[in-house]
Amino acid sequence: GPLVRISALEKIYATRDKGNVHALHDIRLDVADGEFITIVGPSGCGKSTLLKILAGILDKSAGQVEIAGRAVEGPNRDLGVVFQAPVLLPWRSVIENVMVPAIVQKSDLGAARQRAQRLLTMVGLDGFEDKYPRELSGGMQQRVGICRALVQDPAFLLMDEPFGALDAMTRETMNMELLRLWKSLGATILLVTHSIPEAVFLADRVVVMSPRPGRIAEVIEVDLPRP
Ligand code: ADP
Ligand code: ADP
């Protein structure tokens, strides 16, 4: 079966001021192992809500979400998450920051260090292991965030506007690098963006959402050669 299966997913926020806000309606989506999916849509269409439910940090109102055949019931290590602004620990070195999930989850630290080193090399941060986040540019900090999300070898990588805070040039470079990383790791990625060109550039399939209530308007298969 698919790596990720979302069926008949609904989200309704109960608010004091605006009553019930229907944020997601009848979301159905399967993600195959190794696929790169992007989600695009205007502000308020439910992209962040969908990601939070997938990440297990927000309860759904109805429907099913399964990753690797298991229902999502809270944060889990099958999954790595990258947010717009990488929240790095300022008093920890680059490699320690990458190892944080392994430390928290009490994994084998020797193996985690090796994997962290390998990931840092893959994103061009060889030699920066012992630097501190403040010594790195925004793009480099986000690379550290990506390595951290991948250090536990998750089955599935979720990215919420990962390069949204970066300038246009850096953003292009990061997208190229992300494709390289995806290929060499054989990763499965779901990335949210509000840039249609970026969504098409990166994806095997682009999920286009529309608001009120947030739902999938169409799914576009991208059949373009990648760099
Ligand atoms: P984005 O559109 O990029 O997700 P927002 O500014 O809409 O950012 O939302 C910022 C945060 O506030 C998010 O965590 C979102 O879940 C939350 N939020 C958005 N709309 C509301 C709302 N009407 N009431 C309460 N929280 C909200
Ligand atoms: P997007 O990420 O596409 O901008 P969101 O998932 O942030 O969309 O929001 C989808 C809808 O749900 C919006 O109408 C937003 O105002 C509402 N919403 C988001 N978070 C909350 C929240 N915590 N409480 C109430 N409403 C929210």
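Carbon and sulfur together cover what percent of the accessible area of the chain at a 1.4 Å probe radius?
Working: 5950 of 11380 Å².
Ligands and nucleic acids excluded, carbon and sulfur give 52 percent.
With a cut-off of 8 Å between alpha carbons and a minimum separation of six or more residues, what is the relative contact order of the range 1-121 in percent?
Values: 146 pairs, mean separation 27.3, N = 121.
The normalised contact order for the range 1-121 reaches 23 percent.
Just how many pairs of Lys in the chain have C-alpha atoms closer than 28 Å, counting pairs that are eight or more places apart or on different chains?
So the count works out to 13.
Report the net charge of residues surrounding Leu9, where surrounding means a beta-carbon distance below 9 angstrom and charges are Lys +1, Arg +1, Asp -1, Glu -1. Can you show the working numbers first?
Details: positive: Lys11, Arg28, Lys60; negative: Glu10, Asp26.
So the environment of Leu9 carries a net charge of +1.
Suppose the chain between Ile57 and His22 were pulled fully straight at 0.36 nm per residue; how much longer would it get relative to their current alpha carbon spacing?
10.8 nm
Can you give the helix-only mean residue ellipticity at 222 nm for the chain, where every DSSP H stretch with n ≥ 4 adds -39500 (n - 2.57) and the sum goes over all residues, rounded to the nearest 500 deg cm²/dmol?
Working: 6 runs with 72 residues, N = 227.
After summing the helix terms and dividing by the residues of the chain, the value is -10000 deg cm²/dmol.
With the other protein chains left in place, how much accessible area per residue, in square angstrom, belongs to the chain at a 1.4 angstrom probe?
Counting only protein heavy atoms, the per-residue value for the chain is 50 Å².
How large is the accessible surface of Ile57 in square angstrom, using a 1.4 angstrom probe and rounding to the nearest 10?
Approximately 100 Å² of Ile57 is accessible to the 1.4 Å probe.
What is the magnitude of the charge dipole of the range 85-227 about its Cα centre, with +1 placed on the Cβ of each Lys and Arg, -1 on the Cβ of each Asp and Glu, and no other charges, expressed in debye to the nearest 20?
The dipole of the range 85-227 has a size of about 300 debye.
The values are calculated or read from the model by the stated rules, or taken from the named source; none is laboratory data. Remember, predicted model here, so these are calculated numbers, not experimental data. No Cβ is skipped: glycine too gets one built from the backbone with ideal geometry, and neighbour counts run over all protein chains shown. Just so you know, the surface numbers come from the protein's heavy atoms only, side chains and all, with ligands and any DNA or RNA stripped out. Shrake-Rupley method; radii C 1.70, N 1.55, O 1.52, S 1.80 Å.
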